[in-house]
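A.B. asks: If you scroll down you'll find the structure; I have some questions about it.
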Amino acid sequence: MTAIHLENLSKSFGAFTALKGMNLDIADGEFVALLGPSGCGKSTTMNMISGLLEPSEGSIRFGERDMRGVPMGRRGVGFVFQNYAIFTHMSVYDNLAYGLKATGVAKAERDRRVKDMAEFLHLTPMLNKPSAGLSVNILQRLAIGRSAIMEPAIFLLDEPLSNVDAAFRAVMRTELKHLQRQFRQTMVYVTHDQLEAMTMADRIAVMDHGKLLQVGTPIDVYNNPSNVFVAGFLGSPGMNLLKGMIVRTDLGMRADLGDAGLSAPLSSAQEKSVSDGQAIVYGFRPEHCQLTGDDGIRLPVTFVERIGARTILHLGNKGASIKGVFDNDVVARSGEIVTLSIDHANIRLFDAGSGDAIVEAR
Amino acid sequence: MNRSLPFEIFRYAAILSLVALSLVPTLWMASMAFKPIAEWSATGADLTWWPKSPTLDNFRFLFGESSSELIVALDRTAGQPILSSLLSAVFGTLIAMISGTSAAYGLSRFGSGGNLPLALIQLRIFPPMAVMIPVMIMWAFLGLIDTWYGLALVYGIVTMPFAFWLMKTFFDDMPREIEDAALVEGCSRLRVFWKITLPMMRPALASSALFVFILNWSDYLIALLLTTRDWVTIPVYMASLSSSMTGQLYGAKAALGLIAAIPPVILGIAIQKHLVRGLTFGALKQ
């Protein structure tokens, strides 16, 4: 009943197309994160689901019900805004009770639900305080509570944690997950923070420039990005991407990576899926390279960044720039030339023209 | 704050002299209101800051008690003009605020109204005289000359653009998300406007209303043209306070000026909390 189906959904503002041809099915009770940089169309998608915006094309269905023309008050969705949108002229209690009052819930029932929600979100001590002077962290809790108290079948959150401090963000990630387990809503969560998406969502939908690029479980999207954008966007630092060309050598096919040198020979599966002279993008995760290689990418170390738990080496010369993540006791000095070895299973090849992943032949 | 003492002295002296400069006329008026004729008229040989023999004669005179010293008697007291000013300014402000706020909300939220914002300004583009003469003829035709409601109507029309522009800026600054949040929770548009938007706009409404009220309250020209006798306002009445015997009745004028200063001051104090606090909409990140 509360599954969400987006079919060929598009939205244009005048000449600007914010979203084109989005297809996504969100199952009942699923937690889906829409992830992408600002301006990728994720908030537009969210606003259309909530009814704040009408789609230019395509359809939105909740279960079997077409939502075209249904006003947002009757869609049964809860919406948490990035800037909280707290009614500052009211107390915390009145903010929580607002929606229940507007929809005519009896006073006794209202009172019980407000107190339950306040208890759940640790808002009880400030129930009767005016909401105007509260801290950002509490305002965000209040905003979530005000939506959740309506027990919406679909819960939409638009970057709810982008303004709160890092420590509180970690707390709220757990609490939101807890909230969803308790109320079993279908959750759509818009964020540009991959950590939030990776840790909370059942599935991630990565978007860019108004297009849905890839949908999948966090680990699947991380391990098998469907194109160059997803590869570079996910991970911190993102996947290393080097432009190159396939060349045939005595030891099999390799990628000529220009200033980064020749790659180690490709696996036989990879060889079958590319052709001699094909322009490709050679990708691998920074945490998947070792300094033990004798044949492969050779680059000088430009900068050693020790971040505590691990050490990031910046490698590169004028035409190529990559990063490698190593143990914190790695021995490396700026200027030293190193050879990287990367396991075949961790190498991802993309077509340079389309940017799409090259599927390995079996 | 470890500035040197001479600097501090200089700073305060500069501030005080500027404050004094702007307050001198007001203080002089206040002092003059309590002086007997001998002290404010040309016959009084020396002018002093403090009344030598303070008196309430000027106020008594305004409200009909004839004075032996002045020899003149007023043909009417200040009571009716004060009532006229209050009625026309208050209702004019109400008209301007209600219509201006509604128009501003509609335009800010729905973008309807096309060129209305500019159309509203055009009333202020022409010199007041050019606008007022035709209005005078229309009002005469409608039988609105020398009535407080006729005056209030013009005040409402003339100050509405100010109310509109002020309120529109405030509405534009108020984030839409706050209304959207209430709409998503099942509120009707109208209910959102009454229960969320207007209460949050209280400071904006207060400061706009004060501004519009002061404009209406201090008008002279419009009242001069549109009232003749029964409903003249304080400024027009004040101008008539003179006699052929004594010339300008400065004492009475000062007393009336002091009375006229009361409503804006009271209003200002009443909404000072809102003016100082400014606008904090919905606790948003900036």
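A.B. asks: Please compute the Kirkwood hydrodynamic radius of segment A:97-226 from all pairs of different C-alpha atoms, in Å with one decimal.
C.D. replies: 16.3 Å
A.B. asks: Amide H of A:THR217 versus every other amide H placed in the peptide plane: which residues, excluding those fewer than 5 positions away on the same chain, fall under 5 Å?
C.D. replies: For A:THR217, the qualifying residues are A:ILE204.
A.B. asks: Also: Take the Cα coordinates of segment A:233-359, assign each an equal point scatterer, and use the Debye formula without solvent to give log10 I(q)/I(0) at q = 0.12, 0.14 Å⁻¹.
C.D. replies: At q = 0.12, 0.14 Å⁻¹ the computed log10 ratios are -0.43, -0.58.
A.B. asks: Report, by chain and number, residues whose modeled amide H sits under 5 Å from the one on A:ASP208, excluding near sequence neighbours (fewer than 5 apart, same chain).
C.D. replies: For A:ASP208, the qualifying residues are A:LEU213.
A.B. asks: Read phi for every residue in segment B:12-21 and hand back ³J(HN,Hα) as whole Hz from Karplus 6.51 cos²θ - 1.76 cosθ + 1.60, θ = phi - 60°, with x for Gly and Pro.
C.D. replies: Coupling constants for segment B:12-21: 5, 4, 5, 5, 5, 5, 5, 4, 4, 4 Hz.
A.B. asks: Would you kindly derive the ³J(HN,Hα) couplings of segment A:237-245 from the backbone phi angles with the Karplus curve 6.51 cos²θ - 1.76 cosθ + 1.60 (θ = phi - 60°), listing them in order in whole Hz, with x for Gly and Pro?
C.D. replies: For segment A:237-245, the Karplus curve yields x, x, 4, 6, 10, 10, 6, x, 9 Hz.
A.B. asks: Going toward the positive end of the dipole of chain B, with +1 on Lys and Arg Cβ and -1 on Asp and Glu Cβ, which of B:TRP40, B:GLN272, B:GLY79 do you reach last?
C.D. replies: Value computed over the given set: B:GLN272.
A.B. asks: Can you check what the Kirkwood hydrodynamic radius comes to for segment B:78-145, Cα pairs only, in Å to one decimal?
C.D. replies: 14.6 Å
A.B. asks: Divide, for segment A:1-129, the radius of gyration over alpha carbons by 2.2 N^0.38 Å, where N is the residue count.
C.D. replies: Its radius of gyration relative to the 2.2 N^0.38 Å reference: 1.26.
A.B. asks: Per 10 Å bin, what is the whole-percent P(r) computed from every C-alpha pair distance within segment A:152-272?
C.D. replies: 11, 32, 27, 14, 12, 4, 0
A.B. asks: Compute the distance from the alpha-carbon center of segment A:213-278 to that of segment B:114-166, in whole Å.
C.D. replies: Taking the Cα centre of segment B:114-166 as reference, the centre of segment A:213-278 is 73 Å away.
A.B. asks: Can I ask one more? Assign unit charges at the C-beta atoms only (+1 for Lys and Arg, -1 for Asp and Glu), then state the dipole size of segment A:233-359 relative to its Cα centre in Debye, rounded to the nearest 20.
C.D. replies: 260 debye
A.B. asks: Just grab the label-to-label distance for B:PHE126 and B:ALA13, each label 7 Å out from Cα along the Cβ direction, in nm (one decimal).
C.D. replies: Roughly 5.4 nm, to one decimal.
A.B. asks: Below 8 Å between Cα atoms, with a sequence gap of 6+, how large is the relative contact order for chain B in percent?
C.D. replies: Normalised by residue count, the contact order of chain B is 27 percent.
A.B. asks: Turning to a different aspect of this structure: Taking all pairs of different Cα atoms in segment B:147-286, averaging 1/r and flipping that mean, what Kirkwood radius in angstroms comes out?
C.D. replies: 18.1 Å
A.B. asks: Across segment A:16-30, in residue order, what do the Karplus-derived ³J(HN,Hα) couplings come to in whole Hz, using 6.51 cos²θ - 1.76 cosθ + 1.60 with θ = phi - 60° and x for Gly and Pro?
C.D. replies: Using θ = phi - 60°, the values come out as 8, 9, 7, 8, 10, x, 8, 10, 7, 10, 10, 6, 4, x, 8 Hz.
A.B. asks: Compute for chain B: radius of gyration divided by Kirkwood radius, i.e. Rg/Rh, restricted to C-alpha atoms, rounded to two decimals.
C.D. replies: 1.07
A.B. asks: Round to the nearest 10 and report in Å² the accessible area of A:LYS42, as given by a 1.4 Å probe over the protein chains' heavy atoms.
C.D. replies: Estimated to the nearest 10 Å², A:LYS42 gives 10 Å².
A.B. asks: Set Lys and Arg Cβ to +1 and Asp and Glu Cβ to -1, take the dipole of chain A about its Cα centre, and tell me which of A:THR339, A:ILE138, A:GLN185 lies farthest positive.
C.D. replies: A:ILE138
A.B. asks: Calculate the mean, over all residues of peptide A:85-94, of how many other protein chain Cβ atoms lie within 10 angstrom of the residue's Cβ.
C.D. replies: Whole-number average of other-chain Cβ neighbours for A:85-94 is 5.
A.B. asks: What would the Debye formula give as log10 I(q)/I(0) at q = 0.11, 0.22, 0.24, 0.26 Å⁻¹ for the alpha-carbon point model of segment B:90-186, no solvent?
C.D. replies: For segment B:90-186 at q = 0.11, 0.22, 0.24, 0.26 Å⁻¹, log10 I(q)/I(0) is -0.42, -1.12, -1.22, -1.29.
A.B. asks: Can you give me the Rg/Rh ratio for the protein assembly as shown, using Cα atoms for both radii and the Kirkwood formula for Rh?
C.D. replies: 1.18
A.B. asks: From zero up to wherever the largest Cα-Cα distance of chain A sits, split into 10 Å bins and tell me the percent of pairs in each.
C.D. replies: 5, 21, 25, 21, 15, 9, 4, 0, 0
A.B. asks: How big is the charge dipole of the protein assembly as shown about its Cα centre, in debye rounded to the nearest 20, if each Lys and Arg gets +1 on its Cβ and each Asp and Glu gets -1 on its Cβ?
C.D. replies: I would put it at about 1200 debye.
A.B. asks: Ok, one more. To the nearest 10 square angstrom, what accessible area does A:HIS314 show with a 1.4 Å probe?
C.D. replies: 40 Å²
A.B. asks: Another question, then. Bins of 10 Å, beginning at zero and ending with the bin holding the largest distance: percent of Cα pairs per bin for segment A:1-69, please.
C.D. replies: 21, 57, 21, 2
A.B. asks: Let me ask something additional. Residues with amide H under 5 Å of A:PHE79's amide H, sequence separation 5 or more or different chain, H placed in the peptide plane at 1.01 Å from N; which?
C.D. replies: A:LEU156
The values are calculated or read from the model by the stated rules, or taken from the named source; none is laboratory data. Here the structure is a predicted model, which means the values were calculated and not measured. Ideal geometry is used to build each Cβ from the backbone, glycine not excepted, and the neighbour counts take in all protein chains shown. These accessible areas exclude ligands, DNA and RNA; they are computed on the full protein's heavy atoms, side chains included. Shrake-Rupley method; radii C 1.70, N 1.55, O 1.52, S 1.80 Å.
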